[in-house]
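Read the structure below first, then the notes.
The values are calculated or read from the model by the stated rules, or taken from the named source; none is laboratory data. In this text, all values refer to a predicted model and were calculated from it rather than measured experimentally. Glycine also receives a Cβ, built like all others from the backbone with ideal geometry; neighbour counts cover every protein chain displayed. Ligands, DNA and RNA are stripped out before the accessible areas are found, and what is left, the full protein with its side chains, is counted by its heavy atoms. Shrake-Rupley method; radii C 1.70, N 1.55, O 1.52, S 1.80 Å.
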Amino acid sequence: MDALKLMLLRRKKLISVISMIMAVIIIFCVVNSPLAITAAKTDRKLPIYCVKRDDKAVSLTFDAAWGNEDTQQLIDILEKYKVKATFFVVGQWVDKYPESVKALHDAGHEVMTHSDDHAHFNSLSTEQIASNINRSCDKIEAVTGVRPTLFRCPYGEYNDNVITSINSMGIHTIQWDVDSLDWRDLSAGEITERVTGKVQSGSIVLFHNAAKHTPEALPGIIEKLLGDGYKIVPVSEILLTGEFEMDHTGKMCPVGNA
């Protein structure tokens with residue numbers, strides 16, 4: 001009897017182990033099926049972090065929300081190298097520094113919206129998001145004569161509602177894949193090393209207009225990128241035209257290449 005009980009007990013344990021193995025296999029297959037992968041790619045709404053491009057093109061972007069210490073110096077540096085960039089400005093910054101907004105536009109740079117008041121957009125309703133964006137766009141258009149078509153989320157924060165709401169306005173939400181971290185007061189050398197070490201074709205680089213060492217770092221970064229064969233263009237020129245899809249990292253890709 002003891003031998004029979006032991007045999008039955010071993011058999012029960014074996015069945016239990018086999019059942020667990022089968023369950024793991026089934027879960028693995030479901031999660032990794034094409035349908036599951038497709039859903040993972042498309043369910044979450046993402047801003048554009050970078051762009052899949054065959055040529056060597058990058059975009060330099062600057063957020064302007066608080067100070068205005070270095071804006072003209074940045075314009076002068078970019079002009080020296082005949083480089084055009086994209087500036088994401090807050091509506092309240094436009095209120096304070098309309099002459100700088102006009103100077104950016106007159107120098108050929110893109111002036112796009114970074115919200116009206118640098119609010120936390122994750123806490124806003126669809127209606128509040130639209131109202132906030134339109135207020136900032138109205139201010140920028142009044143100074144430049146051009147209505148923004150690109151938006152950068154304050155604090156880099158977003159959720160599905162934010163991206164869906166902005167898309168419904170015909171505006172692209174732009175993030176970045178290379179962060180200079182210039183707002184941390186890194187040295188010019190550290191900023192240069194971070195940017196040039198991480199940039200690749202289709203990259204969108206984040207700077208700030210009032211960061212301490214950005215004007216010092218910018219010439220070396222531009223010279224390195226140009227020397228490596230990159231062309232530096234505003235964000236609207238690096239984006240794909242026509243139909244596109246987003247991969248799970250936020251890369252803008254031609255349809256069928258995500």
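What to note about this one:
- Segment Asp95..Arg184, full-extension length gain: 29.4 nm, with 0.36 nm per residue of separation and the alpha-carbon distance subtracted.
- Of all aspartates and glutamates in the structure, those lying under 16 Å Cα to Cα from Lys56, and not within fewer than 8 positions of it along the same chain, are Asp177, Glu223, Asp228, Glu237.
- The range 118-258, accessible surface, carbon-and-sulfur percent (1.4 angstrom probe): 48 percent
- Summing charges over all other residues whose Cβ lies under 15 Å from the Cβ of His120, with Lys and Arg as +1 and Asp and Glu as -1, gives -2.
- Ordering of 235-243, 86-94 by burial proxy (mean other Cβ atoms within 10 Å per residue, highest first): 86-94, 235-243
- Here the Karplus curve 6.51 cos²θ - 1.76 cosθ + 1.60, taken at θ = phi - 60°, turns the phi angles of the range 77-93 into couplings of 5, 4, 5, 4, 9, 6, 10, 10, 10, 10, 10, 9, 10, 7, x, 5, 5 Hz, with x standing for Gly and Pro.
- Dividing the mean sequence gap of close Cα pairs (under 8 Å, 6+ apart) by how many residues the range 217-258 holds gives a relative contact order of 23 percent.
- Ranking Val199, Ser236, Leu218 by how far each Cα lies toward the positive end of the dipole of the range 101-258 (charges on Cβ) leaves Leu218 at the top.
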